[in-house]
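Peer 1: Provided herewith is a single structure, encoded as structure tokens, for subsequent inquiry.
The values are calculated or read from the model by the stated rules, or taken from the named source; none is laboratory data. All figures in this text were calculated on a predicted structure; none of them were measured in a lab. Every residue, glycine as well, gets a Cβ built from its backbone with ideal geometry; the counts of neighbours run over all protein chains shown. The accessibility values were calculated without ligands, DNA or RNA, using every heavy atom of the protein model including side chains. Shrake-Rupley method; radii C 1.70, N 1.55, O 1.52, S 1.80 Å.
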Amino acid sequence: MTSITEQLRELFQAALQDILGPSGQGVDPLLRPAADAKFGDYQSNVAMSLAKKTGDRPRDLAERIVQSLKERSPAILDTLEVAGPGFINIRLSDGWLADSLNAVPAIPDTAAADRLGLAPARDPQTVVVDYSSPNVAKQMHVGHLRSTIIGDAFARVLEFEGHRVIRQNHIGDWGTQFGMLIAYLKQEMPDALDPSREVHVADLEAFYRQANALAASDPEFQKTARAEVVALHAGEPSALKAWQFIVGESRRHYLAIYQKLGVSLTEADERGESFYNDRLAPLVADLKKRFAPSDTTKNASATPQTPRVTVEESDGAICVFHCNADGEPMFTKPDGDPLPMIIRKSDGAFLYATTDLAAMQFRVEQLGVDRIIYVTDARQAQHFEMVFAAARGFSWTHRQGKGEVRLDHASFGSILGTDRRPLKTRTGENIKLADLLGEAVSRAEQLIRTNEADPAKRRGFSEDEIADIAEAVGIGAVKYADLCQNRQSDYVFSWDKMLAMEGNTAPYLMYAYARIRSICRKGSGMSEQVQEDTAASADSQAAPDGLDTVFKDPAERALALQLCRFAETIDSVAGGLRVNMLTDYLYDLSGAFMKFYECCPVLSAETAIRKSRWGLCDLTSRVLRIGLGLLGIRVVERM
RNA sequence: GCGCCCGUAGCUCAGUAGGAUAGAGCAACGGUUUCCUAAACCGUAGGUCGGAGGUUCGAGUCCUCCCGGGCGUGCCA
């Protein structure tokens with residue numbers, strides 16, 4: 001399968017160069033799916049925008065483009081029409097559509113089949129996706145959900161495209177709060193560190209609260225806590241051991257959540273704040289030396305857009321100040337003064353900005369990345385603007401002959417309750433992810449049991465099947481509800497909506513999949529007969545894999561077209577980090593399938609038609625399974 | 001105050017570098033099971049895209065102002 005828009009783009013670009021000569025090079029043909037199916041399959045809006053520049057009449061220009069395209073008579077095109085003010089309406093040829101489907105590798109060819117025959121990215125990149133980032137000694141809560149789900153989908157999609165993806169789980173495993181926790185554990189419950197005693201993250205969380213309370217009332221304890229921080233920094237064995245215990249417990253907790261959630265992060269992807277600890281002091285010292293205020297123009301790779309940065313002490317803190325090319329501060333305080341990014345506090349401690357810089361330097365220099373994607377909530381937008389501006393100002397992102405390292409902050413909105421306030425428990429606490437996922441699964445289970453109790457709907461699932469389906473549906477529903485939103489907007493969390501069978505939800509798509517699979521199963525009983533029939537007829541006509549698509553009903557062609565759009569959808573998702581384009585695609589695909597399902601009987605059709613329709617069913621189910629898989633959502637064969 | 005984001009049907013949301021009559025789902029109303037999973041499908045109705053100007057062949061989308069909401073705004077992450 002190859003991207004339709006990509007192929008059309010090449011054709012149009014060749015035509016544009018025919019007409020315009022060299023100036024036609026690099027002109028975007030402005031290809032879109034047709035606004036309305038009655039216009040065709042795709043449209044190009046290039047004539048109208050181009051005519052403005054060249055002074056031609058848009059329709060004349062469109063006609064010349066059409067003429068040039070027709071002279072090439074490519075297999076992909078059926079008809080071309082100029083319409084309205086200068087739209088070029090494109091209808092793809094049935095033969096090309098059928099051939100495209102026939103060329104998709106069949107299931108036995110596993111590696112290629114799992115990619116549906118998509119070509120890997122022409123320019124594979126090394127991409128860090130930084131996501132999830134739970135805090136050690138705390139349970140994961142709803143605040144970690146979006147980063148974890150969205151980041152995982154990015155990682156899967158980019159990997160699918162053929163990029164080298166390095167997942168980075170930047171866990172919060174370092175900081176002054178551990179001094180308190182270590183001191184508390186040692187002092188109040190030394191046996192907690194005994195390996196034979198069962199201590200879970202929930203306990204650590206409680207200890208931490210108690211430690212906080214103790215610190216507030218007991219100056220002596222504060223001192224001990226600070227001493228533990230120093231001891232930990234120095235690598236003192238008992239402090240280090242306590243810290244490792246805490247991190248280990250936390251790791252067990254978050255890995256269990258990932259397992260439940262179906263997230264692809266592993267222990268190997270963990271690169272927490274502690275990893276960068278030793279790099280912070282040298283980094284700050286080096287930056288302070290190299291970007292002292294008197295020395296601001298030494299960035300040899302600077303372009304007019306490159307921020308100019310200085311690193312200097314201010315009120316005892318070491319700060320990065322950013323200016324644009326005009327010397328204006330890029331960030332300002334309420335009073336209009338420049339707002340710096342502090343990288344070392346006046347007490348000598350480092351901050352998350354310092355760690356983020358150290359991590360970026362590591363990724364650029366050690367991991368050799370082409371792109372870094374930070375998946376965090378929108379409230380950190382200014383923080384990342386500052387970090388990115390600093391990195392560019394330091395010239396870290398500039399590479400000789402390889403272009404800039406691309407930095408993306410893939411921000412997202414908050415999860416809101418139905419009251420439109422950030423989602424909390426009734427008592428105002430963050431909802432634990434373990435509880436939320438448990439509720440999702442048990443709600444899904446209830447739905448299944450309700451159906452099983454109804455003789456008309458009963459499928460006769462075993463207890464194991466019910467558990468498996470409930471898990472897939474419940475978790476899938478939570479993930480899909482998140483991914484189908486436009487990332488940047490806040491979204492309202494609603495169990496009823498995400499678990500609904502109607503509309504753009506995981507259960508709906510999973511149900512569509514199960515229905516199609518049911519046909520496939522029934523059809524496979526006939527496949528031997530089909531093969532015999534095929535062999536008996538003119539077998540040279542059949543595609544090598546046995547699929548030979550024919551379009552008898554418009555619904556078959558519409559389904560085929562939608563299937564072929566999978567490739568361009570993946571490109572859009574990866575390019576713009578917009579996963580909701582994939583959910584929309586899958587929902588539209590289900591819609592196209594349902595229209596087909598209603599008017600095109602599969603199993604009762606005559607042999608050639610049955611074979612073709614069976615192939616459409618098979619391919620649709622595969623696209624659904626693989627598409628949902630890219631979102632981290634598992635399908636079930638029956639539900 | 002300044003910066004960023006948002007305001008689209010009663011509700012929840014799409015709307016891909018400005019393109020043809022603004023799309024879904026829910027809720028409402030009406031229809032479809034001798035037929036491959038009805039947890040389904042089809043249809044009807046519902047909108048001055050927060051308001052006002054502007055840019056142009058063409059604006060939900062770009063610019064300016066205003067109204068309403070969210071977030072951020074020097075030693076938390």
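Peer 1: Would you work out which of A:321, A:282, A:384 lies farthest towards the positive end of the dipole of segment A:275-409, given +1 charges on the beta-carbon of Lys and Arg and -1 on that of Asp and Glu, about the Cα centre?
Peer 2: Going by the charge dipole, the pick is A:282.
Peer 1: Further, regarding this structure: Quick one: Karplus J couplings for segment A:416-430, per residue in order, coefficients 6.51, -1.76, 1.60, θ = phi - 60°, nearest Hz, x for Gly and Pro?
Peer 2: So the Karplus estimates, Gly and Pro as x, are 10, x, 5, 7, 6, 9, x, 4, 9, 6, 4, 8, x, 9, 5 Hz.
Peer 1: Which residue, chosen from A:58, A:46, A:21, occupies the Cα position most advanced towards the positive end of the dipole of segment A:4-92, where the dipole is computed from +1 (Lys, Arg) and -1 (Asp, Glu) charges on Cβ about the Cα centre?
Peer 2: A:58
Peer 1: Still on this structure: All other residues with a Cβ under 11 Å from the Cβ of residue A:90 taken together, and with Lys, Arg as +1 and Asp, Glu as -1, what is their net charge?
Peer 2: -1
Peer 1: Rounded to the nearest whole Å³, what is the per residue volume of the convex hull around the Cα atoms of chain A?
Peer 2: Convex hull of Cα atoms, per residue: 212 Å³.
Peer 1: Gap in Å between the Cα centre of segment A:465-498 and the Cα centre of segment A:1-54?
Peer 2: Segment A:1-54 and segment A:465-498 have Cα centres separated by 38 Å.
Peer 1: Tell me which residues come under 5 Å, amide H to amide H, from residue A:162 once H is placed; ignore anything under 5 positions away on its chain.
Peer 2: A:121
Peer 1: Solvent-accessible area per residue for chain A at a 1.4 Å probe radius, Å²?
Peer 2: Solvent-accessible surface per residue comes out at 46 Å².
Peer 1: If you wrap a convex hull around the alpha carbons of segment A:4-92, what volume per residue comes out, as a whole number of Å³?
Peer 2: 79
Peer 1: Another question about this same structure. If amide hydrogens are placed 1.01 Å from N in the peptide plane, which non-local residues have theirs closer than 5 Å to the one on residue A:77?
Peer 2: The answer is A:93.
Peer 1: Taking loop as defined by DSSP and a crowding limit of 11 other beta carbons within 10 Å, which trypsin sites (Lys or Arg not before Pro) in segment A:395-496 fit?
Peer 2: Answer by residue number: A:402, A:420, A:426, A:457, A:458.
Peer 1: What ³J(HN,Hα) values, in whole Hz, does the Karplus curve 6.51 cos²θ - 1.76 cosθ + 1.60 give for segment A:468-480 when θ = phi - 60°, with x put for Gly and Pro?
Peer 2: 5, 5, 4, 4, 5, 5, x, 5, x, 5, 4, 5, 5
Peer 1: Let me check I've understood the local charge: for residue A:305, count other residues with C-beta under 13 angstrom from its C-beta, Lys and Arg +1, Asp and Glu -1. What total comes out?
Peer 2: 0
Peer 1: Treat every Asp and Glu Cβ in segment A:125-268 as -1 and every Lys and Arg Cβ as +1, leave all other atoms uncharged, and give the resulting dipole magnitude about the Cα centre to the nearest 20 debye.
Peer 2: About 300 debye.
Peer 1: Moving to a separate point now. Given only helices, namely DSSP H runs of n ≥ 4 each adding -39500 (n - 2.57), what is the per-residue ellipticity at 222 nm of chain A, to the nearest 500 deg cm²/dmol?
Peer 2: -17000 deg cm²/dmol
Peer 1: What's the FRET efficiency of residue A:119 with residue A:489 using the Cβ-Cβ distance as r and R₀ = 45 Å, to the nearest 0.05?
Peer 2: For R0 = 45 Å, the calculated efficiency reads 0.85.
Peer 1: Same structure, new question: Using unit Cβ charges (K, R positive; D, E negative) and no other charged atoms, how large, in debye to the nearest 20, is the dipole of segment A:397-457 about its Cα centre?
Peer 2: It works out to roughly 300 debye.
Peer 1: Continuing with the same structure: Are there GluC sites (Glu not before Pro) in segment A:301-408 that DSSP marks as loop and that have at most 16 other Cβ atoms within 10 Å, and which are they?
Peer 2: When the GluC sites (Glu not before Pro) of segment A:301-408 are filtered for loop state and at most 16 Cβ neighbours within 10 Å, A:404 remain.
Peer 1: Positive end of the dipole of segment A:433-498, charges at C-beta (+1 Lys, Arg; -1 Asp, Glu), about the Cα centre: which of A:493, A:438, A:469 has its Cα farthest in that direction?
Peer 2: A:493
Peer 1: Leaving ligands, DNA and RNA out of it, report the carbon-plus-sulfur percent of the accessible area of chain A at a 1.4 Å probe.
Peer 2: For chain A, the apolar C and S fraction of the accessible surface comes to 49 percent.
Peer 1: Does segment A:125-268 classify as rounded, prolate or oblate by the C-alpha gyration tensor (a ≥ b ≥ c root eigenvalues; a/c under 1.5 gives rounded; else a/b over b/c gives prolate, otherwise oblate)?
Peer 2: prolate
Peer 1: What are the ³J(HN,Hα) couplings of segment A:89-98, residue after residue, when phi is run through the Karplus curve with 6.51, -1.76, 1.60 and θ = phi - 60°? Round to Hz, x for glycine and proline.
Peer 2: 8, 10, 10, 7, 7, 4, x, 5, 4, 4
Peer 1: May I pose another question? Would you kindly compute the Cα radius of gyration of segment A:330-474 and its largest Cα-Cα separation (Dmax), both in Å?
Peer 2: 24.1, 72
Peer 1: According to the square roots a ≥ b ≥ c of the eigenvalues of the Cα gyration tensor, what is the shape class of segment A:190-256, taking rounded for a/c under 1.5, prolate for a/b larger than b/c otherwise, and oblate for the remainder?
Peer 2: oblate
Peer 1: Cα-Cα over 32 Å: which of A:186/A:288; A:186/A:333; A:457/A:479?
Peer 2: A:186/A:288; A:186/A:333
Peer 1: Can I ask one more? Rounded, prolate or oblate: which fits segment A:275-409 when a ≥ b ≥ c are the square roots of the eigenvalues of the alpha-carbon gyration tensor, with rounded for a/c under 1.5 and prolate only if a/b beats b/c?
Peer 2: rounded
Peer 1: Once the piece of chain linking residue A:325 and residue A:256 is laid out straight, how much longer is it, given 0.36 nm per residue of separation minus the C-alpha distance between them?
Peer 2: Gain in length upon complete extension: 19.9 nm.
Peer 1: To the nearest 20 debye, what is the magnitude of the charge dipole of chain A about its Cα centre, counting +1 on the Cβ of each Lys and Arg and -1 on the Cβ of each Asp and Glu?
Peer 2: For this selection, approximately 680 debye.
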